[in-house]
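Visitor: Here it is, the structure, as structure tokens.
The values are calculated or read from the model by the stated rules, or taken from the named source; none is laboratory data. This one's a predicted model, so the numbers in the text were calculated from it and none came from an experiment. Backbone-built Cβ (ideal geometry, glycine too); neighbour counts: all protein chains shown.
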Amino acid sequence: MTLPPGPKDNPVDLLSNYPSQKALDLLDAYHAEYGDIFSVKVGAWQSDDEPMTWVMLTRPDHVKAFFQGDLEVLSASRANVVLFGEHLPKEGTFAISGETFKKRKRLVAPPLNGKRIKPFVPYIYQFTLGLARSWEVGQKVNMLKQIHLITIETILKTVFGIKEGNKFSHLCSEISKLEDQQATEEEKLGAFKILDDVILEETKRRKESGDYKTGEDIFSILLRAKDVEGDGSGLTDQEVHDELWTLLHAGFGSTSTMIAWVFHSILSHPEVYARVLAELDEVLGDGPFEQEHLNQLPYLDAVIKETFRLRPLFLVAGARQLDAEWEIGGYRLPKDTMVASCSYILQRRPELYENPDQFDPMRYFGKKIDPYQWAPFGGGQRKCPGMAFALQETTVLVATALREVSLSLENKAFVPTRQGWFVAPDGGPLVTVGEKRR
């Protein structure tokens, strides 16, 4: 058994430099020097543990074998514990494996599919419309902070089913602390406690009142979910709690950051901005954004996918820790090795993408995605179950804001900055509000 080649002298922990340009430059340098499979030191997120050696996969055939591999050998739950540590909900999808995971996926995936999400389109549209109309001409706006407001309200409405009012407003401020780089550890722990209490209280209230039996929010759907393909059992209160926490983290920080990058991409390229606006005007006219419009904006869809190709939120999209020896690319990796699909390198391979560093939405215009060449959400059975939600929320939010007001980018240069667990554009991006378009 032998590990692939990698830097030996003074190895640098990528996460200690993440998400600076240095971390991205290191990945490029390691790939150029050591090839398509290489070993590199990566630490545990927000941990003082010694960096571990990870094996990075960058070729589509290797990524395919990885995503289709035996989940009894390739443990995503163990890798997630290494990455996210104590903040990972113990009974949530990210922390379980084996038959437990397969059953959980049958219960959790249906509420997050595209058909289930479409009824929530009017909520996202109205939230975004109200915010965009509140911007004044000449105002400078940090888009990430504005997007946070929309995604928080979207989560509370669609996932948690919590109505407007004092409790709703209070939860907005608490959720925002989880991704606020200025928030103290004490403030974040306080927010965790408040949100924990709300979920437990809501679970008890809904079960006592019985209103979860008819609710269409994801909270209610999970409470009444039954494993009809298995033993017919449902989720325990703790499992519901942890799934909601998982959705909160995945649906707030990651989605907000992805949407911020889409705005940055569009506003950085005037010809792309003009074509997006032309498509929106043609398809939407003067009416509201409706469910059917989600499948009628092929150019905006291509822009979103190209953004996710160039700007993956994390250095890897899919990590596993080996529960047994595993062979890939001529290497037989020992048990306990950390292995990952390196989406940053994978999605910039010149034989897959001509001029890979160039932003070109036409790569995806009217074309089918190869899941082993474009994998920002991971892949296989452990692919992010919220992918459809994220893509649809991004489409509605971006389309609504751009159609309402003209925006210009203040900070056009690509400067990655840390936002919670993810890579965000420095400054939000910062935009200036121009004339109202409607």
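Visitor: Is region 254-267 home to any residue that is free of Cβ contacts under 8 Å to residues at least 40 places away in the same chain and either surrounded by fewer than 20 Cβ atoms within 10 Å (Cβ to Cβ) or assigned to a helix (DSSP H, G or I) (or both)? Let's see the steps before the verdict.
Guide: Step one: list which residues in region 254-267 are free of Cβ contacts under 8 Å to residues at least 40 places away in the same chain, which gives none.
No, because not a single residue in region 254-267 is free of Cβ contacts under 8 Å to residues at least 40 places away in the same chain and either surrounded by fewer than 20 Cβ atoms within 10 Å (Cβ to Cβ) or assigned to a helix (DSSP H, G or I) (or both).
Visitor: If you don't mind, another one. Look at region 331-353 and say how many of its residues are part of a loop (DSSP other than H, G, I, E, B) and at pLDDT 95 or above. Before you say what the answer is, go through the steps one by one.
Guide: Let us first name the residues in region 331-353 that are part of a loop (DSSP other than H, G, I, E, B), namely 334-337, 342, 347-353.
Then drop every residue that is not at pLDDT 95 or above, which leaves 347-353.
The qualifying residues number 7.
Visitor: Pull up region 110-136, narrow it to residues that are of a type in the set (A, V, I, L, M, F, W, C) and more than 25 Å from Thr93 (Cα to Cα), then point me to the one that is surrounded by the fewest Cβ atoms within 10 Å (Cβ to Cβ). Please lay out each step first, then the result.
Guide: Start the filter on region 110-136 by keeping residues that are of a type in the set (A, V, I, L, M, F, W, C), which leaves 112, 117, 120-121, 124, 127, 129, 131-132, 135.
From what is left, the residues that are more than 25 Å from Thr93 (Cα to Cα) are 121, 124, 127, 129, 131-132, 135.
Numbers: Val121: 21, Ile124: 24, Phe127: 20, Leu129: 17, Leu131: 19, Ala132: 23, Trp135: 20.
Here the residue is Leu129.
Visitor: Would you confirm whether or not region 15-31 contains a residue that is closer than 15 Å to Val339 by Cβ, out of contact with any His (no Cβ under 7 Å at 6 or more places or on another chain) and modelled with pLDDT under 90?
Guide: There is no residue in region 15-31 that is closer than 15 Å to Val339 by Cβ, out of contact with any His (no Cβ under 7 Å at 6 or more places or on another chain) and modelled with pLDDT under 90.
Visitor: Just one of Glu243, Glu279 is charged (D, E, K, R) and touching a Ser or Thr at 6+ places or on another chain (Cβ under 9 Å); which is it? Write out each step before concluding.
Guide: Working: Glu279 fails: touching a Ser or Thr at 6+ places or on another chain (Cβ under 9 Å).
The conditions single out Glu243.
Visitor: Let me ask another. With respect to the numbered conditions (1) crowded, with 21+ Cβ neighbours inside 10 Å; (2) assigned to a helix (DSSP H, G or I); (3) not charged (D, E, K, R), which one is the sole condition not fulfilled by Ser220?
Guide: (1)
Visitor: A follow-up question, please. Thr246 fails exactly one of the following numbered conditions: (1) at pLDDT 80 or above; (2) in a helix (DSSP H, G or I); (3) among the polar types (S, T, N, Q); (4) surrounded by fewer than 14 Cβ atoms within 10 Å (Cβ to Cβ). What is the number of that condition?
Guide: Status for Thr246: all satisfied but (4).
Visitor: Of Leu313, Leu322, which residue is crowded, with 17+ Cβ neighbours inside 10 Å and either touching an Asp or Glu at 6+ places or on another chain (Cβ under 8 Å) or hydroxyl-bearing (Ser, Thr, Tyr) (or both)? Show your work before the answer.
Guide: On the way: Leu313 fails: either touching an Asp or Glu at 6+ places or on another chain (Cβ under 8 Å) or hydroxyl-bearing (Ser, Thr, Tyr) (or both).
Within the list Leu313, Leu322, the selection yields Leu322.
Visitor: Out of the residues in region 174-204 meeting the condition of being more than 19 Å from Gly428 (Cβ to Cβ) and among the hydroxyl-bearing types (Ser, Thr, Tyr), tell me which one is modelled with the lowest pLDDT.
Guide: At the first step, the residues of region 174-204 found to be more than 19 Å from Gly428 (Cβ to Cβ) are 174, 184-204.
Keeping just the survivors that are among the hydroxyl-bearing types (Ser, Thr, Tyr) gives 184, 203.
Working: Thr184: 81, Thr203: 89.
Filtering region 174-204 for residues that are more than 19 Å from Gly428 (Cβ to Cβ) and among the hydroxyl-bearing types (Ser, Thr, Tyr), the one modelled with the lowest pLDDT comes out as Thr184.
Residues are listed down the side, and each one gets a yes or a no for (1) modelled with pLDDT under 95; (2) part of a loop (DSSP other than H, G, I, E, B):
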| residue | (1), (2) |
| --- | --- |
| Glu327 | no, no |
| Asn355 | no, yes |
| Gln358 | no, yes |
| Pro376 | yes, yes |
| Arg403 | no, no |
| Gly434 | no, no |
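Visitor: Take Glu99 and tell me if it is surrounded by fewer than 15 Cβ atoms within 10 Å (Cβ to Cβ) and either part of a helix (DSSP H, G or I) or more than 18 Å from the chain's Cα centre (by Cα) (or both). Can you show your working first?
Guide: Details: surrounded by fewer than 15 Cβ atoms within 10 Å (Cβ to Cβ): yes; either part of a helix (DSSP H, G or I) or more than 18 Å from the chain's Cα centre (by Cα) (or both): yes.
Criteria met by Glu99.
Visitor: Something else: Go through (1) more than 15 Å from the chain's Cα centre (by Cα); (2) on the phi > 0 side of the Ramachandran plot for Gly378 and report which single condition fails.
Guide: (1)
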